[in-house]
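The values are calculated or read from the model by the stated rules, or taken from the named source; none is laboratory data. Keep in mind that what you see is a predicted model, and the values were worked out from it rather than measured. Here Cβ is always computed from backbone atoms with ideal geometry, including for glycine, and neighbour counts include all displayed protein chains. Accessible surface areas use protein heavy atoms only, side chains included; no ligands, DNA or RNA. Shrake-Rupley method; radii C 1.70, N 1.55, O 1.52, S 1.80 Å.
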Amino acid sequence: AALKGGLRFQVSAALKEGRVTPTELCQRCLSLIKSTKFLNAYITVAEETALKQAEESETRYRRGQPLGVLDGIPIAVKDNFNTAGIETTCASNMLKGYISPYNATVVQKLLDQGAVLLGKTNLDEFAMGSGSTDGVFGPVRNPWSYSRQYKEKSVPKSRSEDEESNWVITGGSSGGSAAAVSSFTCFAALGSDTGGSTRNPAAHCGVVGLKPTYGLISRHGLIPLVNSMDVPGILTRCVDDAAVVLGSLAGHDPKDSTTIQDNFKPFELPNLTDVSKLSIGIPKEYHAPGLSSEILALWSKAADLFKNAGAKVVEVSLPHTRYSIVCYHVLCTAEVASNMARFDGLEYGHRSDMNKSTESMYAATRREGFNDVVRGRILSGNYFLLKQNYENYFIKAQKVRRLIANDFVKVFGSGVDILLTPTTLSDAVPYMEFIKEDNRTRSAQDDILTQAANMAGLPAINVPTGLSERGLPVGLQFIGRSFQEKQLLTVAKWFEKQVKFPMIQLEVKRHDHSTFQHQKSAFFS
């Protein structure tokens, strides 16, 4: 039962009361990781380290001195955060075998709170993608592919097709972390969010995905993709848990100059009963081409839910949204080209055997170490940064980015408290369908509803809302004002309580040959 509970009131309470020990909790999660290995959610499982951390936590509980709510709680971390003593690969040949000498600040903060690190989760190579299908360790499978809800709705042509080609993607690039939380192998996981990489897989895997305000959480130790947009993301099974993890991570870090200077006070979310003073904005531009009729209906139903509860629901306009995906592509690839320059084969990571000259060694190392997606973005970025193109592309994109950010400032300045939008255009697509299009095309489509929040540096959260006709999760996104996470999460918690999203009925045979499943009632599905 503890596996399915919330952190603050169920799991932490059970640990304090001795109904379950950190070691038992850790062993149960490790057992589930083994029985769900086919999902390919984890790249590295740190079993010995995790059990040692669990034993240390158990000692603290016996003494009545737990470090906090997260003490003894099993967590997972996306494999683009540095972890001392545990391999950090970014799902790339370039960093296979690389072991960092230090922990990322967010990882260290979790360990300082007594959390138990189970392992590192799978992703698109260097977090470039929206499906978690392009990493060197293979694609991540969505746990909902093996749920009773999906199996009852999908009708395969044959049994073999059901097993081999009917499974759906997790979304990305933090697909491993989303799958790990969704399949009960951990209670919370860290992702990264540059254009939607936490919220997108959260929507497809039926979990909560929080992208905090830029600068609220330290990026130190997160291997960078786009420095001006990267944010560590939080994946949990409920909004309350996201608030607990945020409270442990947020605040100034002297190692990251972009973090806020003010002290951050962790908060406990209140139970909102009156939404009549809220103003919810519905951006008309988010009715984007390709938005499925199912998600449009769900979005409309959610707006009605707020309206019927007494909130003010208004249509708003973010006119520069339509330029954001092109603007994002220019800025993203330009920063990628700069960031990837450090992988030259000299100091760390893969080094080619080519020894004709330094230049040939550089070229061979990068050809062997990076996949086509990464090399393609480096090529595009360097083109945009050429002296003759810099003004026309990079500077112009920066100006458009300012206009996009100003759109949000105007809307929030007009009295709107929270924006309500879809998170994705549709539910998760089958893997065989997803790979028919290239990474660039897919990313442009899948980031369209999420990346504007990154451009503006605003907090945003995916809340699982219902199941599609195919029995797959669909989520909606709430976007808040800068550094107003408490308001954003409070509204998200109220909404979560209204929709009563059904827990996955995951039909996986465990070592004891029983079927692992759980169910709650569904209001929206």
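From the residues in segment 172-226 that are open to solvent by less than 10 Å² (accessible area, probe 1.4 Å) and basic (Lys, Arg), which one is nearest to Gly72 (Cα to Cα)?
Lys211
Checking Leu25 against (1) under 24 Å from Asp193 (Cβ atoms); (2) assigned to a helix (DSSP H, G or I): exactly one of these is not met. Which one?
(1)
Tell me which of these Ser31 doesn't satisfy, since it passes every other one: (1) buried (at least 17 other Cβ atoms within 10 Å of the Cβ); (2) at pLDDT 95 or above; (3) small (Gly, Ala, Ser); (4) on the phi < 0 side of the Ramachandran plot.
Answer for Ser31: the failing condition is (1).
So which residues in segment 294-312 are farther than 22 Å from Ile448 by Cα and either without any contact (Cβ under 8 Å) to a residue 40 or more places away in the chain or in a loop (DSSP other than H, G, I, E, B) (or both)? Give the steps one after another, and end with the answer.
If we filter segment 294-312 for residues that are farther than 22 Å from Ile448 by Cα, which is where we start, we get 304-312.
The answer is Asp304, Lys307, Asn308, Ala309, Gly310, Ala311, Lys312.
(1) open to solvent by 40 Å² or more (accessible area, probe 1.4 Å); (2) closer than 22 Å to Leu95 by Cβ; (3) in contact with a helix residue (DSSP H, G or I) (Cβ under 7 Å, 6 or more places away or on another chain); (4) part of a helix (DSSP H, G or I): which one isn't true of His320, the others all being true?
The single condition His320 does not satisfy is (2).
Could you run through segment 394-420 and say how many residues are open to solvent by 40 Å² or more (accessible area, probe 1.4 Å) and either under 27 Å from the mean Cα position of the chain (by Cα) or polar (S, T, N, Q) (or both)?
Residues flagged as open to solvent by 40 Å² or more (accessible area, probe 1.4 Å) and either under 27 Å from the mean Cα position of the chain (by Cα) or polar (S, T, N, Q) (or both) within segment 394-420 amount to 6.
Only one of (1) over 23 Å from the mean Cα position of the chain (by Cα); (2) open to solvent by 40 Å² or more (accessible area, probe 1.4 Å); (3) farther than 26 Å from Gly138 by Cα is not met by Arg8, so which one is it?
(1)
If Met354 meets every condition in (1) outside any helix (DSSP H, G or I); (2) out of contact with any Ser or Thr (no Cβ under 7 Å at 6 or more places or on another chain); (3) open to solvent by 60 Å² or more (accessible area, probe 1.4 Å) apart from one, which number is that one?
(2)
Go through the residues of segment 268-283 one by one and say whether even a single one is part of a helix (DSSP H, G or I), open to solvent by less than 80 Å² (accessible area, probe 1.4 Å) and at pLDDT 95 or above.
no
Would you check if Ala405 is under 26 Å from Thr321 (Cα atoms), at pLDDT 95 or above, part of a helix (DSSP H, G or I) and in contact with a Leu (Cβ under 8 Å, 6 or more places away or on another chain)?
Working: under 26 Å from Thr321 (Cα atoms): yes; at pLDDT 95 or above: yes; part of a helix (DSSP H, G or I): yes; in contact with a Leu (Cβ under 8 Å, 6 or more places away or on another chain): no.
Judged against the criteria, Ala405 is not a match.
I need the full set of residues from segment 384-393 which are assigned to a helix (DSSP H, G or I) and surrounded by 14 or more Cβ atoms within 10 Å (Cβ to Cβ), in order please.
Across segment 384-393, the qualifying residues are Phe384, Tyr393.
Yes or no: Val140 crowded, with 24+ Cβ neighbours inside 10 Å and more than 21 Å from Ser218 (Cα to Cα)? Don't jump to the end; show me each part of the working.
Details: crowded, with 24+ Cβ neighbours inside 10 Å: yes; more than 21 Å from Ser218 (Cα to Cα): yes.
So Val140 fits the description; yes.
Hey, any hits in segment 55-65 for a residue that's within 19 Å of the chain's Cα centre (by Cα), at pLDDT 95 or above, of a type in the set (S, T, N, Q) and not in a helix (DSSP H, G or I)?
No, there is no match, as no residue in segment 55-65 is within 19 Å of the chain's Cα centre (by Cα), at pLDDT 95 or above, of a type in the set (S, T, N, Q) and not in a helix (DSSP H, G or I).
Confirm whether Leu225 is in contact with a helix residue (DSSP H, G or I) (Cβ under 8 Å, 6 or more places away or on another chain) and not in a loop (DSSP other than H, G, I, E, B).
no
Six or more apart or on different chains, Cβ under 9 Å: which pairs go from a residue in segment 420-443 that's under 15 Å from Cys205 (Cβ atoms) to one that's assigned to a loop (DSSP other than H, G, I, E, B) and basic (Lys, Arg)? Could you list them?
Once the first residue is under 15 Å from Cys205 (Cβ atoms) and sits in segment 420-443, its partners that are assigned to a loop (DSSP other than H, G, I, E, B) and basic (Lys, Arg) give Asp427/Arg470; Ala428/Arg470.
Condition first: in contact with a Leu (Cβ under 9 Å, 6 or more places away or on another chain), closer than 29 Å to Arg402 by Cα, at pLDDT 95 or above and open to solvent by less than 10 Å² (accessible area, probe 1.4 Å). Can you find one or more residues in segment 236-249 that meet it?
yes
When you go through Glu335, Glu359 one by one, which is the residue that is among the acidic types (Asp, Glu) and either without any contact (Cβ under 8 Å) to a residue 40 or more places away in the chain or open to solvent by 60 Å² or more (accessible area, probe 1.4 Å) (or both)?
One residue alone meets the criteria, Glu359.
Looking at segment 64-116, which of its residues are open to solvent by less than 40 Å² (accessible area, probe 1.4 Å) and small (Gly, Ala, Ser)?
Going through segment 64-116, the residues open to solvent by less than 40 Å² (accessible area, probe 1.4 Å) turn out to be 68-83, 86, 88-92, 94-95, 100, 103-107, 110, 114-116.
Within segment 64-116, Gly68, Gly72, Ala76, Ala91, Ser92, Ser100, Ala104, Gly114, Ala115 meet the criteria.
Please tell me if Ala311 is in contact with a strand residue (DSSP E or B) (Cβ under 9 Å, 6 or more places away or on another chain) and either open to solvent by less than 30 Å² (accessible area, probe 1.4 Å) or among the charged types (D, E, K, R) (or both).
The answer is yes for Ala311.
Just give me the residues in segment 362-381 being open to solvent by less than 80 Å² (accessible area, probe 1.4 Å) and of a type in the set (Lys, Arg), in sequence order.
Arg366, Arg377, listed by residue number.
Is it fair to say Ala452 is open to solvent by less than 20 Å² (accessible area, probe 1.4 Å), touching a Ser or Thr at 6+ places or on another chain (Cβ under 7 Å) and over 30 Å from Cys205 (Cα atoms)?
Here the answer is no, as Ala452 does not meet what is asked.
In contact with a strand residue (DSSP E or B) (Cβ under 8 Å, 6 or more places away or on another chain) and not in a helix (DSSP H, G or I): which single residue out of Leu458, Leu489 fits that description?
Answer to the selection: Leu458.
Given the structure, is Ala84 at pLDDT 95 or above and touching a His at 6+ places or on another chain (Cβ under 7 Å)?
no
Every residue, every condition in (1) farther than 15 Å from Val181 by Cα; (2) touching a strand residue (DSSP E or B) at 6+ places or on another chain (Cβ under 9 Å), yes or no:
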| residue | (1), (2) |
| --- | --- |
| Glu17 | yes, no |
| Val20 | yes, no |
| Cys26 | no, yes |
| Tyr42 | no, yes |
| Ala46 | yes, yes |
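Assuming Phe38 fulfils every condition listed in (1) buried (at least 22 other Cβ atoms within 10 Å of the Cβ); (2) among the aromatic types (Phe, Trp, Tyr); (3) farther than 21 Å from Val107 by Cα apart from one, which condition is it?
Failed condition: (1).
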